[in-house]
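To keep things clear, I will list the structure first and then write my remarks on it.
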Ligand SMILES: Cc1ncc(C[n+]2csc(CCOP(=O)(O)OP(=O)(O)O)c2C)c(N)n1
Ligand SMILES: Cc1ncc(C[n+]2csc(CCOP(=O)(O)OP(=O)(O)O)c2C)c(N)n1
Ligand SMILES: [Mg+2]
Ligand SMILES: [Mg+2]
């Protein structure tokens, strides 16, 4: 155990898995120079063959990861920023997600596509996407979206060991946050298992990616007001641990979904839909989504920052659904 | 007024708007030879300059539509099958959806990207996508998904006249269905206005694209059992006529969302989330989604067909939510 | 070499071309009779391209193909039964009935997919070549793509990646003069697709796609280069498809010019048969092959017809390594 | 021509290069002081490439640029105030504070965007050229892209489209020897990006990117071709960026080889100034330009500083033509 950052957790997970399994290699734009600090020392330790700088051609090298995986390798692709997945959408959706199925199980695609959610720092609309829900609508892709260092390491290791293709969405608002992280080489968190980040009884807040940390801060604030909020972190978006979410909502009767992505067809929408479909009887009030509204992200920080989910908005929503219920005549 | 097919409605809308406005032109793979019958006679009437066969390079020609629109043209792109939008995802999401915003309103992108939802006919997973919800998560794109000939014509005309980029998802299960269609050159249905396709009082069924017709058949069946179902067709997915949906659910207290797309993060999920967020007090039972499960579409018709929403599944869902409610102790 | 024994490699080329031709003739017939669902993109006329290329590969070399998927697997040596069963949507099909006509891909023969998204095989082939290289194997990966596909970014990106990393890849553009209804010169800039090679600093070779020996020779040279670590080659086979873009499109899509008849006259199988006979192969031996293949095709069809359709649970298998559960509301009506 | 009057076109080239250099020097300084949010990708060293290309265009010609967006608009003739205000995120910025450093695009000067998705300008430029052609205007569209961008499918597709349709487009690859930390030869196959032209059957031209006259001459020829309906040209300007990939990356990303000093010695502004002086332009006149530009830059900065930040509602404008409503729960805390 040691306190390390989320970025360092990524570094450790990759390093340990590459040391453990020769078929794991990493490629991406400028991975050798290690822009974000997740491949420190890799060229020295693993050599240039296994640490590959790619041409700027996301569809090409992400598709190549698919091809390499089909012949027995376990590629990790560092696609840097999630916005750069759009040029690769075809290889991801048409080849990587579908090849195992179309060919009746003949293909196996063990690979990981990493990219960060690069929002909140004046990078403007073309660099600030949080597009995980688009991929959630495409069967055949597993998706992780960790919110702290320990989960990041454990889930990334699980992703690298998985025989299915996995997209790893790494929230840059979590990059520098430190947490206790196991140094057990088999610290692996199974894909599909959510986590109760804080227990509570009045209200369930389900957070997605960095939204979990905002939710935790809101829960603290709510506690001061005597409202006990449970915070659930699904951690993997596919498979989604619907049971854990439903259990919590069945207990609290109320839910808020916090997601830094745009509202419409978001992970938050999916979670809300799941709740009203499968835990309706337990519901004591509306399920509220606290997301980024359906506008683009502007450069100017003065108008960018207020667009994301905030403690204030969550607290307001909590007050609203608890108050509304109290106001309703019996 | 004349009874024409959905395909003929597309043909008419394009033809009338091209005749009306010289800045409208059409391009796409093999549009001159008119594969699906939506450009019959166009080369003769409008000439080869305005009816352009493109190279097979969706990102290239869809992006070119963006460039042409920025300089004052009003392109219609026929991208044939929705699955072929994936290779163009970058130009759609990074350029077409965002340019007006990023450049502070300097750009205007009046263009239409048409593609059909080509499912249910043994075309296998790479040709059977219904990916509209992915684009619903991306601000800056308007989206139509008509379910009958009259809506198709009126909405496509609105799309062509719109100064915003519009994606038109044309459900191939509706292609041959005939309906009364106005021949008024100004038969334009405003984007963002949903339609009540059938009135009812016990239950609201919201259908998406071809799902509307399945919903209408289910409503007939339910009527035989004494259940009165209202069928709502949002027709445009962005902007989504949330108010019309909510009004209906506030009246009936129950909702089923029918969507031929995969369940997770679908338009159905968005509609369900909207309902539980904004009409919770009216709800008398769970909001149920009848969608295609999160598996791919197989070639073999024997296992493909049962995957889509069906009258039986909707009727079952209706019985379940009405029955469940009756079963719940008061 | 004038031996006409069973293992004469020349006969194998003939055999594979014939096998493709007869397999497809049968498929077209039963498609017309309604026995095959979906579309059918035939390869007739292009057999020398596929067979010449694949015969230059080892069994353990990789190959990626296209929507026009019937020819490549047979060219690479695949057995007919699972292919025919796939066309009929049967569980014994090579893809268990989940791929169909556009996806006849036999992984046991080194195939990594016949992908129906035009151009999408480029990156996959580059990746397979990279995988072979990283594993220290001397395998190569061959990518078939069409003239139309050459316009796709995926092909460009795959070739650039393979070239800059000197990967053992061979890009074979089967230029059959059309993409659907569009003549190549209306969609593909430049005189030849092979001219693109210059921009990547790799060899670009043009070859007569109706001549199986010429295709084989060109691909062999590319394979040798690739195995020797000298990087990829782009080969353009100038060929022609005899059928329309696909069977069952409602009407003829591809416009036929006066050159159509010349191409029909230059049938790759006729050309090769003539060459064999001139080289001393007995007509009777070739006839025997033809009829043996007719038997193979009949057997494959019988096998396909006798096979079962997949059970519904199969629709939920192979999305992931672990089979998905069937939602109760769906299974109730399946 | 030895006139040194205000309108001497030679002086205009000098002026624009100086303007870029000084604008950016100021931007770097205030970025270091924390006055500019986000990253800053400087163009210093590449001024001759941008100015030489743009000076060959008319005001009503179109242009698409990249994330390295400071040079192109100034080269095309844009005023500095809205550009500087944009860097500071002010509502008077050319993009109303919504684009920032990677998107300094002045549509009034024919710009159609400086796009930060590498390679994505290719299709846009092809489309603008198509639009001009369909409107019967003799405008051309010029696309700047980097050496790194040449690997993207979007550039390939844009060039193929422009070539096959003979569109009035000019593709200018500004090869500054690196994409971020990656040397061009490690990412871009082939000896020169310009060699790709051959594959599209269009002219491919290599030009000294430090020589504004040489770039201008090459682009003029391409513009003439384009206006005459003869289709696109690919031009590669061999150039170099003096700064790191971007300011504020934490540490130096781009590895510098021994050739670095040679490139610094071949400063495009120094070279051109020397040429002007040799041709008889008075040093004093050039000094006067330098100091007039210093005033312009100071004025632009003052303007930017004096300007307001956008109000929150601005975040909801320009998603569509009609402004979106602000959700109540968001506006409550903005
Ligand atoms: C990305 C994509 N765009 C369009 C199509 C539709 N389509 C299928 S085959 C075809 C023509 C392909 O031409 P070519 O590459 O020359 O192959 P050929 O059919 O001639 O063998 C087209 C446009 C597709 N399947 N995928
Ligand atoms: C599609 C995409 N991939 C990756 C990036 C990250 N990125 C920004 S600039 C850059 C290097 C671009 O190199 P080049 O095209 O040569 O332009 P230069 O920066 O040298 O001017 C990269 C990789 C991006 N912005 N967009
Ligand atoms: Mg072809
Ligand atoms: Mg560069």
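For the reader, a short list of remarks on this structure follows.
- Residue pairs whose Cβ atoms lie under 6 Å apart, separated by 6 or more positions or on different chains, with the first residue in the stretch A:73-85 and more than 15 Å from residue A:108 (Cα to Cα) and the second away from ligand 2 (no atom under 16 Å from the Cβ) and modelled with pLDDT under 95, do not occur.
- Residues that are more than 15 Å from the chain's Cα centre (by Cα) and either without any contact (Cβ under 8 Å) to a residue 60 or more places away in the chain or farther than 22 Å from residue A:244 by Cβ (or both) within the stretch A:181-195 comprise A:181, A:183, A:184, A:185, A:186, A:187, A:188, listed in sequence order.
- Residues of the stretch B:56-75 include at least one that is in contact with a strand residue (DSSP E or B) (Cβ under 7 Å, 6 or more places away or on another chain), within 16 Å of ligand 1 (Cβ to nearest atom) and outside any helix (DSSP H, G or I).
- Conditions (1) at the interface with chain C (Cβ under 10 Å from one of its Cβ atoms); (2) farther than 29 Å from residue A:269 by Cβ; (3) surrounded by fewer than 24 Cβ atoms within 10 Å (Cβ to Cβ): number failed by residue A:64: (3)
- Any chance residue C:205 is surrounded by fewer than 24 Cβ atoms within 10 Å (Cβ to Cβ), away from ligand 2 (no atom under 16 Å from the Cβ) and outside any helix (DSSP H, G or I): yes
- Selected residue (criterion: nearest to residue B:164 (Cα to Cα)) from residues of the stretch B:28-64 that are in contact (Cβ under 8 Å) with a residue 40 or more places away in the chain and in contact with a helix residue (DSSP H, G or I) (Cβ under 6 Å, 6 or more places away or on another chain): B:62
- Within the stretch A:13-44, being more than 18 Å from the chain's Cα centre (by Cα) and over 21 Å from residue D:186 (Cα atoms) holds for A:15, A:16, A:17, A:18, A:19, A:20, A:21, A:22, A:23, A:24, A:37.
- Residue among C:320, C:312, C:303 that is at pLDDT 95 or above and within 14 Å of chain A (Cβ to nearest Cβ): C:320
- Listed by first and then second residue, the pairs linking a residue in the stretch B:306-322 that is at the interface with chain C (Cβ under 9 Å from one of its Cβ atoms) to a residue that is part of a helix (DSSP H, G or I) and at pLDDT below 95, with Cβ atoms under 6 Å apart and 6 or more places separating them unless they lie on different chains, are B:313/C:329.
- Among the residues of the stretch B:119-153, just one is closer than 24 Å to residue B:189 by Cβ and within 14 Å of chain C (Cβ to nearest Cβ), namely B:131.
- Flag for residue D:169 being away from ligand 4 (no atom under 16 Å from the Cβ), under 30 Å from residue B:49 (Cα atoms) and either in contact with a helix residue (DSSP H, G or I) (Cβ under 7 Å, 6 or more places away or on another chain) or modelled with pLDDT under 95 (or both): yes
- Members of the stretch C:95-126 that are at the interface with chain A (Cβ under 9 Å from one of its Cβ atoms), assigned to a helix (DSSP H, G or I) and over 30 Å from residue B:59 (Cα atoms): C:107, C:108
- Residue within the stretch C:132-142 that is more than 20 Å from residue C:247 (Cβ to Cβ), crowded, with 24+ Cβ neighbours inside 10 Å and within 14 Å of chain D (Cβ to nearest Cβ) present: no
Here is a yes/no grid of residues against (1) under 15 Å from residue C:216 (Cβ atoms); (2) at pLDDT below 95; (3) outside any helix (DSSP H, G or I):
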site	(1), (2), (3)
C:23	no, no, no
C:38	no, yes, yes
C:42	no, no, yes
C:93	no, no, yes
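- Just so you know, in the stretch D:143-166 the residues that are within 16 Å of ligand 4 (Cβ to nearest atom) and assigned to a loop (DSSP other than H, G, I, E, B) include one that is farthest from the other protein chains (Cβ to nearest Cβ), and it is D:147.
- When D:243, D:280, D:250 are screened for being without any contact (Cβ under 8 Å) to a residue 12 or more places away in the chain and either loosely packed, with under 12 Cβ neighbours inside 10 Å or not in a helix (DSSP H, G or I) (or both), only D:250 passes.
- Candidate set: the stretch C:25-36, residues that are in a loop (DSSP other than H, G, I, E, B) and either on the phi < 0 side of the Ramachandran plot or touching a residue at least 40 places away in the same chain (Cβ under 8 Å) (or both); chosen: the one nearest to ligand 3 (Cβ to nearest atom): C:36
- Qualifying residue in the stretch D:48-71 (condition: surrounded by fewer than 24 Cβ atoms within 10 Å (Cβ to Cβ), within 14 Å of another protein chain (Cβ to nearest Cβ) and not in a loop (DSSP other than H, G, I, E, B)): no
- Test: residue C:132 is in contact (Cβ under 8 Å) with a residue 40 or more places away in the chain, away from ligand 1 (no atom under 16 Å from the Cβ) and within 30 Å of residue A:74 (Cβ to Cβ): yes
- All conditions but one from (1) more than 14 Å from chain D (Cβ to nearest Cβ); (2) crowded, with 24+ Cβ neighbours inside 10 Å apply to residue B:102; the one that does not is (1).
- Test: residue in the stretch D:173-187 that is away from ligand 4 (no atom under 16 Å from the Cβ), on the phi < 0 side of the Ramachandran plot and touching a residue at least 40 places away in the same chain (Cβ under 8 Å): no
- Pick from the stretch A:23-33, criterion at the interface with another protein chain (Cβ under 9 Å from one of its Cβ atoms) and in a loop (DSSP other than H, G, I, E, B), ranking: farthest from ligand 2 (Cβ to nearest atom): A:23
- The residues of the stretch C:176-202 that are in a strand (DSSP E or B) and more than 28 Å from residue A:93 (Cβ to Cβ) amount to a single one, C:183.
- Residue within the stretch D:216-230 that is surrounded by 19 or more Cβ atoms within 10 Å (Cβ to Cβ) and within 14 Å of chain C (Cβ to nearest Cβ) present: no
- Considering (1) within 19 Å of the chain's Cα centre (by Cα); (2) within 14 Å of chain D (Cβ to nearest Cβ); (3) within 20 Å of residue C:153 (Cβ to Cβ), the lone condition that residue B:110 does not fulfil carries the number (3).
- Filtered residue count, the stretch D:285-317, keeping only those that are under 24 Å from the mean Cα position of the chain (by Cα) and part of a loop (DSSP other than H, G, I, E, B): 0
- Any hit, the stretch A:83-98, residues being more than 28 Å from residue C:64 (Cα to Cα), at pLDDT below 95 and either more than 9 Å from chain C (Cβ to nearest Cβ) or crowded, with 24+ Cβ neighbours inside 10 Å (or both): no
The values are calculated or read from the model by the stated rules, or taken from the named source; none is laboratory data. Everything quoted here is computed from the prediction, not taken from an experiment. Note that each Cβ is placed from the backbone with ideal geometry, even for glycine, and that neighbours are counted across all protein chains shown.
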